[in-house]
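Asks: Just passing along the structure, written as structure tokens.
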Amino acid sequence: MNIAIIEDHNIVRKGIIEIIQNLGNFNFVIESDNGKDFIDKYKQARAYR
């Protein structure tokens, strides 16, 4: 399952990612600190598909 994590606090974001990675079967495709950056990264990722 592909996951995007959007969280403005870097330490919290990294912690969430670590917890989810330990659950397994997840692929982090986008990591962002705000919604605008997420949308930009999402559009770029879709362009490469």
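The values are calculated or read from the model by the stated rules, or taken from the named source; none is laboratory data. This is a predicted model, so every value here is computed, not measured. We place every Cβ from the backbone using ideal geometry, glycine too, and count neighbours over all the protein chains shown.
Asks: If you scan the range 12-40, which residues turn out to be surrounded by 13 or more Cβ atoms within 10 Å (Cβ to Cβ) and either among the small types (Gly, Ala, Ser) or touching a Ser or Thr at 6+ places or on another chain (Cβ under 6 Å) (or both)?
Replies: Ser32, Phe38
Asks: While we're here: Working only within the range 1-27, note down all residues that are under 21 Å from Asp40 (Cα atoms) and in a helix (DSSP H, G or I).
Replies: Asn10, Arg13, Lys14, Ile17
Asks: Here's a follow-up. For the range 17-43, which residues satisfy the criterion of being aliphatic (A, V, I, L, M) and without any contact (Cβ under 8 Å) to a residue 12 or more places away in the chain?
Replies: Start the filter on the range 17-43 by keeping residues that are aliphatic (A, V, I, L, M), which leaves 17, 19-20, 23, 29-30, 39.
The answer is Ile19, Leu23, Ile39.
Asks: Give the chain a look and list any residue that's among the basic types (Lys, Arg) and within 9 Å of the chain's Cα centre (by Cα), or say none.
Replies: Result: Arg13, single match.
Asks: Go through the residues of the range 37-46 one by one and say whether even a single one is modelled with pLDDT under 90 and assigned to a helix (DSSP H, G or I). Can you show your working first?
Replies: Just the residues of the range 37-46 that are modelled with pLDDT under 90, to begin with: 45-46.
Then keep just the ones that are assigned to a helix (DSSP H, G or I); that gives 45-46.
Checked against the condition, which is being modelled with pLDDT under 90 and assigned to a helix (DSSP H, G or I), the range 37-46 yields at least one hit.
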